[in-house]
1. Residue by residue through the range A:67-105, note down the ones that are buried (at least 21 other Cβ atoms within 10 Å of the Cβ) and more than 10 Å from chain B (Cβ to nearest Cβ).
2. Looking at the range A:378-414 only, could you name the residues that are in contact with a Lys or Arg (Cβ under 9 Å, 6 or more places away or on another chain) and over 15 Å from A:Phe328 (Cβ atoms)?
3. Which ones in the range B:270-287 are touching a helix residue (DSSP H, G or I) at 6+ places or on another chain (Cβ under 9 Å) and more than 17 Å from B:Leu169 (Cα to Cα)?
4. Would you check if there is a residue in the range B:180-191 being among the β-branched types (Val, Ile, Thr) and within 14 Å of another protein chain (Cβ to nearest Cβ)?
5. Which one of B:His122, B:His163 is within 12 Å of another protein chain (Cβ to nearest Cβ) and of a type outside the set (Lys, Arg)?
6. Could you tell me which residue of the range B:236-282 is farthest from the chain's Cα centre (by Cα), considering only residues that are part of a loop (DSSP other than H, G, I, E, B) and of a type in the set (Asp, Glu)?
7. Does the range B:73-99 hold any residues that are more than 18 Å from A:Asn136 (Cα to Cα) and either in contact (Cβ under 8 Å) with a residue 60 or more places away in the chain or of a type in the set (Gly, Ala, Ser) (or both), and which are they?
2 protein chains.
Amino acid sequence: MRQSQLFTKTRKEAPKDEVAKNAQLLIRAGFVDKLQAGVYTYLPLGFLVFKKIENIIREEMNKAGGQEILMPSLHPKENWEKTGRWDTMDDLYKVKDSSERENALGATHEEVVVPLAKKFIHSYKDLPFSVYQIQNKFRMELRAKSGILRGREFIMKDFYSFHKDEKDLADFYEKMKGVYKAIFERVGIGEKTYLTFASGGSFSKYSHEFQTATDAGEDIIYVCNKCSIAINKEIKSEQKSCPECGGENFEEKKSIEVGNIFELKTRYSDPFELTYKDEDGSDKPVMMGCYGIGLGRLLGTIVEVYNDENGIIWPEAVAPFKAHILAFYSKDEEKNKRIVAEADRIYESLQSKGVDVFYDDRKDISFGEKLKDADLIGIPEVVIISEKTLEKDSVEVKKRGERQGKLVNIKEYAK
Amino acid sequence: MRQSQLFTKTRKEAPKDEVAKNAQLLIRAGFVDKLQAGVYTYLPLGFLVFKKIENIIREEMNKAGGQEILMPSLHPKENWEKTGRWDTMDDLYKVKDSSERENALGATHEEVVVPLAKKFIHSYKDLPFSVYQIQNKFRMELRAKSGILRGREFIMKDFYSFHKDEKDLADFYEKMKGVYKAIFERVGIGEKTYLTFASGGSFSKYSHEFQTATDAGEDIIYVCNKCSIAINKEIKSEQKSCPECGGENFEEKKSIEVGNIFELKTRYSDPFELTYKDEDGSDKPVMMGCYGIGLGRLLGTIVEVYNDENGIIWPEAVAPFKAHILAFYSKDEEKNKRIVAEADRIYESLQSKGVDVFYDDRKDISFGEKLKDADLIGIPEVVIISEKTLEKDSVEVKKRGERQGKLVNIKEYAK
């Protein structure tokens, strides 16, 4: 894409009420716009990153056997009364329709997916199976001060698995730990993300969170020195040793919860009487697991982990573009013609090879400003074409974050 | 995909309160599920169709130069007060947040996109440009009786263009007519879809709708015998001749509005004071156009146009799968082994070639039921493998809707 065509621009300042670094950087670089506290628009650059994250998650969910669906946001009150959460979930938005019937705005989707499953599950032969969606959630956060880490409205991948017994659920749950690990590795935060023991509520001893270590985190985890698995604060107060390996030495870290997995067991199948007929003819409750990842939160976490004083440094797998061509125009008309021609040629050549490339072809923007914008936007590879590089028939190729790149022969760079 | 793995099943009956044929067929065939009036879940088969439609629309919007973004659903009341629609739009959902601040649930997005554009448009050099999104809308329909044609919650593509003068807007608007035509042709309803003159409100003489002729339609259009352009009911009462060619003979048809385009001009730029500095230094209002397509409505319209007494008949470009393999198992163990082996081989061979294929490998389902389900689901090509076809080393290949297919040598069919 030509940068001159992009309708957004970088900004010198983020809104004054925006205290979170992820949102400050994303707003200044033109990835998101803030509509109100906890409510953001994804702008073209942010949308590209969002789609890359979405595709990685979708691929891994499909590999895990999930069938993709799309559930709505307007949920009948009755469904939420059945699980008791109409009254107990504080952050549920409630809205009346034209007949004064009350609806919940979907904060999560057990109240929809369980009655849906009940329409199709009758026998042990219908189990196991899994469904998931990538869909908008609404939660009435009291203080939405963490940028896109904690929105009032945010897109989440929620995956639900259905099983005939605890053993089958437990096996699948173990498998999903690996699936989640693969996702966080693919988006570039694998090394800093810890499988973390959390409370399982009244149905299971533990659930698990995936926590990414960063100073911007609102959570605190204790990473076991022996096995590198963590426990969260709630567990830590009850438990002195590591539930995984028995280790007793922990390192305290600030962290962001980027995903969670939960053995729901019959927590939601019971109120909806979701049962199946087993081989022996008896009716048994369906066992469920649920597995969530907030896409905006994941995007914001990547920004919190990968940035420096000049801007964002995107990991390659989720970068909006792979390369950022910066054309530094010359006042000498002849020389300038060559800069334009060579930059255009490289742009088209990379595109024709299927490389996502961003091309700063803006006139009337200084050398210094282009470099500053490129640092702020944070595309992994920067390619500089100027009078100076062309004197050596070269372009300067530098990784984002590097002070100095290296000259590469222009014919070599884009054959 | 193996049909035995799909968690949904076909149903003999649609819910009793579902009177629209599109929803009856889509529910019975397992494409959608009804959560409440006007609120549906896309099930795995429906999600596949939805994504094919979405991709076609996205491709055409990108070709038209649209920059994709994603705006939120929780809109501050102030924005809707500015345009006057907080009080005048009857079907607007209103919801309070934790601080008792009121929000509109996005029914359309002029109230968000205009203040967004205002942050980036300063000069004539910033124009023209276009943005679009594919996003959920909420409208409090009084009677949601048309299945997925008219939802209380529905996904829409909304595209907004920004221009420096009426001429530039008018040129772009003309271009978008062609873009819309291309979309309706690609999804398979081009021949039945008419460009239709509609009222332009107080700002323009006309706007345009795209109306698809079908007896299920709630609208009425008058198609000019001379130029095949239509006028809607509202215009017809004021105007006796065709505004396009002056023709005076019309054919009345029932129809569904599948898209609309509108020259907004300064209707929304004015209240938000969206202006730009022109070359001569003066401040001028930005001219806008908007261009909408409801994805669910388009999907439902395709079903209304393409069905028979046995079920849906998907056009190839939007079908959930290209081919549907039906394995008819035999009671003879040896013969059955061969059926399974050959059907598996064809399934894998087609998949390896990148053909989307659905494979009815269900045991304990009769020949008759498999055929009935295939007719209901409506995949364009049905491939039957049975004892009988294998006696002739063949499969029977038939188009959906055909009574009798033709035998094709099995080695030929999936080389």
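1. Correct list: A:Trp80, A:Ala104.
2. A:Gly378, A:Ile379, A:Pro380, A:Glu381, A:Asp393, A:Gln404, A:Lys406, A:Asn409, A:Ala414
3. Within the range B:270-287, B:Pro271, B:Phe272, B:Glu273, B:Lys277, B:Glu279 meet the criteria.
4. No, because not a single residue in the range B:180-191 is among the β-branched types (Val, Ile, Thr) and within 14 Å of another protein chain (Cβ to nearest Cβ).
5. So the residue among B:His122, B:His163 that is within 12 Å of another protein chain (Cβ to nearest Cβ) and of a type outside the set (Lys, Arg) is B:His122.
6. The selected residue is B:Asp280.
7. B:Lys82, B:Thr83, B:Gly84, B:Ser98, B:Ser99, listed by residue number.
Quick grid of which residues meet (1) over 23 Å from B:His75 (Cα atoms); (2) at pLDDT 95 or above; (3) more than 9 Å from chain B (Cβ to nearest Cβ):
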| position | (1), (2), (3) |
| --- | --- |
| A:Phe7 | no, yes, no |
| A:Lys12 | yes, no, yes |
| A:Ala20 | no, no, yes |
| A:Arg28 | no, yes, yes |
| A:Thr41 | no, yes, no |
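The values are calculated or read from the model by the stated rules, or taken from the named source; none is laboratory data. Please read all numbers here as calculations on a predicted model, not as lab measurements. Don't worry about glycine lacking a Cβ; one is built from the backbone with ideal geometry, like all the others, and counts go over all protein chains shown.
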